[in-house]
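Trainee: This is the structure I want to talk about, given as structure tokens.
The values are calculated or read from the model by the stated rules, or taken from the named source; none is laboratory data. All values derive from a computational prediction rather than experimental measurement. All Cβ positions, glycine included, derive from the backbone under ideal geometry; neighbour counts span all protein chains shown.
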Amino acid sequence: MADLHLPAPSLAPLLFCIISPLLLLFIFAYFKTTSTNKNLPKSYPIFGSIFTITKNKHRRVQWISELVTSTPNLTFTLHRPFGYQQIFTANAANVQHMLKSHFHNYHKGDVFRSTLRDFMGDSIFNADGDIWKFQRQVSSHQFNTKSLRRFVENVVDFELSNRLIPILEIAAEKKIVLDFQDILQRFAFDNICKIAFGYDPEYLLPSLPETKFADAFDNSLKLISCRFNSDIPFIWKIKRLLNIGYERQLKIVVDEVRNFAKAIIREKKQEIEKKSPTSIDQTDDVLSRFLLSGQADEDFVTDVVISFILAGRDTTSAALTWFFWLIFNNPQAEIEILKEIVTKQNSEESVYDEVKNMVYTHASICEAMRLYPPVPVSTKSALNDDVLPDGTVVKRGTRISYHPYAMGRVEKVWGADWAEFRPGRWLETAETAAEWRFVGKDPFTYPVFQAGPRVCLGKEMALLQMKRVVAGVLRRFRVVPVEESLSPVYVSDFTSKMKDGFRVKIEERNVT
Ligand code: HEM
């Protein structure tokens, strides 16, 4: 009987058609580099620089900093997969262009906003145009001199004298090891909740209570960063749709944070309703201001609450954590700060003026943030095609990041000793007396607080708070790292941290 089976069609031609273009792509890709600068990562069609990006994932900030400072104009383009490009710059002229002279061409942009929307909604950090303007205008009243004075003399001093100092006394007496980063975060969290919402979460108590809300906040930041840092852009959208992986976890922690914020808002609304209209003091807190401005939408006010916690909690605590580590390693700077503390203590000034005029301490904090900025990178998106002052071509929609961490490491700006902690680089001797005078850098060379129309609203408040904490702590205690010889690792999810915390012993000073 004839075999009715037809011979199977050969798969060879089919395979050839599929494999050969891929092979050609790889051969082409292998020999292709996008730049003549050998320090910059190779970029391949479709894949971009994914291999090098993945290899450096655990030290992204440091890696980008090394790359950007290795280029002659302090700017380079990172090629991410599928043709996405991101420009990084540490060039002050470019930063001034983005943040001030061409401010209207560089906004947060749709990609940034949609990526963060689940967590931050339309909060000031995630808004452009009128929504941003409205929030900036309402919030700015909280940062006038009267409010700042009240903040330092009441809020910060209460937390310092009644919470932080007693905890340090116990730790010194009983030789308890503290995670100082955690302590400073608790301090900052209580502070920001009081100033922004008139609410005291009491996180800095001797029992070091559970910080459920703050932990959910931390996790939300960490998980939402995964969206930005993912090897394949937009894969998070698929994960979110399917409710899998980190997206599933993110939803849980974000719900926790938002529900907590809503509880604060409802409480505040009731408080306002109970008060007679004449007894409402609009200077109370940021939340009251928003509620009294006629903003009734609970989701929007929740966004405001979240943005203030983000602004106030991790920034000052990160700066202070690194500051105390640097001061331990630079005893001469510690001696100068102590001298200043004693002089100010004996002056007739008010607490506010005393803190404001702590010049050497101010310089030391600026120097700490030069090396370890609380916000190491900030990203914008170009609305239209443009050319930066250094000649870099920017296509519409391109994401462009300025990099304060790298900018603090530019030899041409800070000198050959840029890696050294040297507060003196911010100081000169005043002519009239043996006093220091602070010499600031222009905000585009040192954009640790950003610059231009969107400069950090809390800059003065943050500096006053940090100087008061430094004076209060160093006056009485030495903060000694447990692992004295180890160099801590700088990590960042939007705001920076010391990896694994900062374990310290507290030693009481013998001061009279
Ligand atoms: C060491 C402490 C701080 C540092 C280094 C810092 C840094 C920054 C940076 C880099 C930005 C721009 C973020 C961006 O849009 O990319 C910013 C914005 C902002 N910061 Fe701060 N910040 C600090 C403390 C604070 C504090 C304590 C508050 C409030 C109590 C605050 C309130 C704000 C607000 C409201 C904005 C948004 C400004 C706008 O977009 O118009 N910051 N800050």
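Trainee: Name the pairs: first residue in the stretch 105-120 and over 11 Å from Thr379 (Cβ atoms), second residue of a type in the set (Ser, Thr, Tyr) and crowded, with 18+ Cβ neighbours inside 10 Å, Cβ to Cβ under 7 Å, at least 6 apart or on different chains?
Mentor: Phe119/Ser220; Met120/Ser307
Trainee: List pairs: first residue in the stretch 170-198 and closer than 19 Å to Val469 by Cα, second residue of a type in the set (Val, Ile, Thr) and part of a strand (DSSP E or B) anywhere in the structure, Cβ distance under 6 angstrom, at least six positions apart or on different chains.
Mentor: Listed by first residue and then by second, the contacts come to Ala171/Ile506; Ala172/Ile506; Leu178/Val504; Phe180/Val504.
Trainee: Is there a residue being part of a loop (DSSP other than H, G, I, E, B) and among the charged types (D, E, K, R) anywhere in the stretch 490-504?
Mentor: The answer is yes; a qualifying residue exists.
Trainee: Further question on the same structure: Which condition breaks for Ile265 when tested against (1) within 27 Å of Gly501 (Cβ to Cβ); (2) out of contact with any Gly (no Cβ under 8 Å at 6 or more places or on another chain); (3) modelled with pLDDT of 90 or more?
Mentor: Single failed check for Ile265: (1).
Trainee: Does the stretch 109-149 hold any residues that are at positive phi and in contact with a helix residue (DSSP H, G or I) (Cβ under 8 Å, 6 or more places away or on another chain), and which are they?
Mentor: Answer for the stretch 109-149, where residues must be at positive phi and in contact with a helix residue (DSSP H, G or I) (Cβ under 8 Å, 6 or more places away or on another chain): just Gly121.
Trainee: In addition: Identify all residues within the stretch 204-222 that are more than 16 Å from the ligand (Cβ to nearest atom), small (Gly, Ala, Ser) and either under 18 Å from Lys497 (Cβ atoms) or within 21 Å of the chain's Cα centre (by Cα) (or both); write none if there are none.
Mentor: Passing the criteria: Ala216, Ser220.
Trainee: Taking the options Ile337, Ile341, Ile365, name whichever one is within 13 Å of the ligand (Cβ to nearest atom), of a type outside the set (S, T, N, Q) and in a helix (DSSP H, G or I).
Mentor: Answer to the selection: Ile365.
Trainee: Kindly establish whether Ser140 is touching a residue at least 24 places away in the same chain (Cβ under 8 Å) and of a type in the set (Gly, Ala, Ser).
Mentor: Here the answer is yes, as Ser140 does meet what is asked.
Trainee: Now for a separate question. All but one of (1) within 13 Å of the ligand (Cβ to nearest atom); (2) part of a loop (DSSP other than H, G, I, E, B) hold for Pro201, so report the exception by its number.
Mentor: (1)
Trainee: Kindly list, by first and then second residue, each pair from a residue in the stretch 293-306 that is closer than 14 Å to Asp118 by Cα to a residue that is assigned to a helix (DSSP H, G or I) and of a type in the set (Ser, Thr, Tyr), limited to pairs with Cβ atoms under 9 Å and residues at least 6 apart or on different chains.
Mentor: If the second residue must be assigned to a helix (DSSP H, G or I) and of a type in the set (Ser, Thr, Tyr), the pairs left are Val304/Ser139; Ile306/Ser220.
Trainee: If you don't mind, another one. Can you pull out every residue in the stretch 418-457 that is of a type outside the set (A, V, I, L, M, F, W, C), assigned to a loop (DSSP other than H, G, I, E, B) and either within 16 Å of the ligand (Cβ to nearest atom) or under 21 Å from Ala319 (Cβ atoms) (or both)?
Mentor: Matches in the stretch 418-457: Glu420, Arg422, Gly440, Lys441, Asp442, Pro443, Thr445, Tyr446, Pro447, Gln450.
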